[in-house]
Amino acid sequence: MEPTDSEIVDRARAGDERAFRTLVERHGRSVYRLAHRLTGHDGDAEDVAQEAFFKVFRNLDGFESRARFDTWLYRVTCNAAYDLMRRRQRNEARTEPLPDGSVSLSLTSSGHDPEHLAASSEIGQRIAAAMQCLTTAEKAAFHLRHVEGLPIQEIAAALGLQTGAVKNAIFRAVQKMRQQLTPESETP
Amino acid sequence: MSHPSERDLVLFLSDDCDDSGAIRAHVEACPRCRDEVEELRRLIAAAAASAPGPAAGFEDRLWQAQRRHLALRSVPGGAAAAGRPPAAAWRWVAAAGALAASLVLAILLGRGTAPVMPGNGQPQPLVATEDLAAGGDRILLFAVSEQLRRSRLLLAELANSPTEDATTIAWQQQRAAALVSDSRLFRQSARLRGRPEMASLLEEVERLLLEVARAPSDVEQQQAWRQRIRDGDLLFKVTAAEVGTRTSRRKPSA
């Protein structure tokens, strides 16, 4: 049977390098996906993922094993994404405009699998554009519920919200996307 | 039961509805609500599927950077600079203080950096012994100075020596990718050591290098890169920062 996250965290605390690596391999992609959902940019998502793991490993001693490791990691990821986006605003950093003038979409600017890009061409881009209308909390709540499958209580812990606020955020996310995509909302 | 609200249906599909049994029974019996549920289900599925995964090699890059970061923090003063005493979890890195400096050097030596040749023609080590002993700040300055030097060389090539040779362009892209990988580590370390201006410049250079590394290997892209370098005055900034880090390194440690 595979060790639980708590068991691996205990080994990492004891200095087991392989335990650190296991945590990275187990959660790295999920962290990246969440970071990309929030930042909308490949490079920023990698930066946020790096920052999140730096912070988690630096503060591993303070983590309570009874809590869920992934919830904590997602919380740190969200905060790292917020920090990056605030720094961008402060530095008035240049973002990459798309031909239509919108920003932060990166479906065609990465080394992604071409088949993925082709499959997500129209509906994927429309959904990505619709997501730009969501707040960061709405994006995070929707993503954690419907992509990572976290229970509402864990999402509340990850985002620092009450469960009622999480439910509202998920509802508003779907409502806004639906309004943006009306009259079409077929799956790819 | 009256028709459930849109909110009820969304939460029903999110498996977090207080009255899921009644809603399910209603949906099964009501064609209008059944259609709405199906529409919402397709939307949620499409939105969930739109989350992109990372590019190839992501986990390796992530782990290598984490590993280097953990080792770099073992440099004398590293943990204290971060405001925390070394803890049990860092025993395996705390015991490798000299190894941390060596890892930074290994990054540099592995890129083929030539040894420095002073006036007497005798080869010198890339870093003086006193640098290794002086602590994390000097090692960081040295590492960043080398990073800026290599970045400057590549930026100068991109800006001033356009080429149509696909092999050369591909080689430039490989160098850019390697610089991006190292830059993230140095940027994080600079931020930890309270050098936000250094981190900001590294970030600015890194964004361009990332574009270079990921763009298609064609001549048209070079025009865009040259323009970006000129528009951002990047060569001047990088050169000035490189000189600044070298000057800081020569100052006696406190």
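The values are calculated or read from the model by the stated rules, or taken from the named source; none is laboratory data. Predicted, not measured: the structure shown is a model, and the values here were computed from it. FYI the Cβ positions are ideal-geometry reconstructions off the backbone, even for glycines, and counts take in every protein chain you see.
Can you spot a residue in the range B:68-81 that is over 30 Å from B:A177 (Cβ atoms), at the interface with chain A (Cβ under 10 Å from one of its Cβ atoms) and modelled with pLDDT of 90 or more? Show your work before the answer.
Kept after step one, since they are over 30 Å from B:A177 (Cβ atoms), are these residues of the range B:68-81: B:76-77, B:79-80.
Now restrict to residues that are at the interface with chain A (Cβ under 10 Å from one of its Cβ atoms): B:79.
Still in the running and modelled with pLDDT of 90 or more: none.
Taking every residue of the range B:68-81 in turn, none turns out to be over 30 Å from B:A177 (Cβ atoms), at the interface with chain A (Cβ under 10 Å from one of its Cβ atoms) and modelled with pLDDT of 90 or more.
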Taking the range B:49-67 and the residues there that are of a type outside the set (A, V, I, L, M, F, W, C) and touching a residue at least 40 places away in the same chain (Cβ under 8 Å), the one that is nearest to the other protein chains (Cβ to nearest Cβ) would be B:R61
Just a yes or no: is a residue in the range A:56-73 within 26 Å of B:R61 (Cβ to Cβ), within 10 Å of another protein chain (Cβ to nearest Cβ), in a loop (DSSP other than H, G, I, E, B) and modelled with pLDDT under 75?
no
Would you confirm whether or not the range B:145-168 contains a residue that is within 12 Å of chain A (Cβ to nearest Cβ) and either closer than 22 Å to A:D83 by Cβ or surrounded by fewer than 21 Cβ atoms within 10 Å (Cβ to Cβ) (or both)?
no
Exactly one of these conditions fails for B:R7: (1) facing chain A (nearest Cβ under 9 Å); (2) over 20 Å from the mean Cα position of the chain (by Cα); (3) modelled with pLDDT under 90; (4) surrounded by fewer than 17 Cβ atoms within 10 Å (Cβ to Cβ). Give me its number.
(3)
In this structure, does B:L202 turn out to be closer than 25 Å to B:I139 by Cβ, at pLDDT 85 or above and hydrophobic (A, V, I, L, M, F, W, C)?
yes
Residues being more than 24 Å from the chain's Cα centre (by Cα), of a type in the set (G, A, S) and at pLDDT 50 or above: count how many of those fall in the range B:115-171.
2
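Residue by residue, here is whether (1) more than 13 Å from chain A (Cβ to nearest Cβ); (2) among the acidic types (D, E) holds:
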residue: B:A170; (1), (2): yes, no
residue: B:D182; (1), (2): no, yes
residue: B:F186; (1), (2): no, no
residue: B:R191; (1), (2): no, no
residue: B:S200; (1), (2): no, no
residue: B:Q222; (1), (2): yes, no
residue: B:D231; (1), (2): no, yes
residue: B:A240; (1), (2): yes, no
residue: B:G244; (1), (2): yes, no
Quick one: what pairs do we get from the range B:24-48, first residue within 14 Å of chain A (Cβ to nearest Cβ), second of a type in the set (D, E), C-beta under 6 Å, 6+ apart or different chains?
none
Please go through (1) farther than 28 Å from B:H69 by Cα; (2) surrounded by 17 or more Cβ atoms within 10 Å (Cβ to Cβ); (3) not charged (D, E, K, R) for B:Q227 and return the number of the only condition it doesn't satisfy.
(2)
As an exercise: evaluate A:M1 against (1) out of contact with any helix residue (DSSP H, G or I) (no Cβ under 8 Å at 6 or more places or on another chain); (2) buried (at least 18 other Cβ atoms within 10 Å of the Cβ); (3) of a type outside the set (S, T, N, Q) and give the number of the one condition it does not meet.
(2)
Among the numbered criteria (1) at the interface with chain B (Cβ under 8 Å from one of its Cβ atoms); (2) touching a residue at least 12 places away in the same chain (Cβ under 8 Å); (3) more than 27 Å from B:L202 (Cβ to Cβ), which single criterion is violated by A:G15?
(2)
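β-branched (V, I, T), crowded, with 17+ Cβ neighbours inside 10 Å and more than 17 Å from A:R178 (Cβ to Cβ), is that true of B:I23? If you could, list the steps in order and put the result at the bottom.
On the way: β-branched (V, I, T): yes; crowded, with 17+ Cβ neighbours inside 10 Å: yes; more than 17 Å from A:R178 (Cβ to Cβ): yes.
Answer is yes for this residue.
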Any residue at all in the range A:20-35 that is touching a helix residue (DSSP H, G or I) at 6+ places or on another chain (Cβ under 8 Å) and modelled with pLDDT under 90?
no
Of the conditions (1) modelled with pLDDT of 50 or more; (2) more than 9 Å from every other protein chain (Cβ to nearest Cβ), A:L105 satisfies every one except a single condition; which number is it?
(1)
Scanning the range A:18-31 for residues that are under 14 Å from A:F57 (Cβ atoms) and among the basic types (K, R), the one nearest to the other protein chains (Cβ to nearest Cβ) turns out to be A:R21
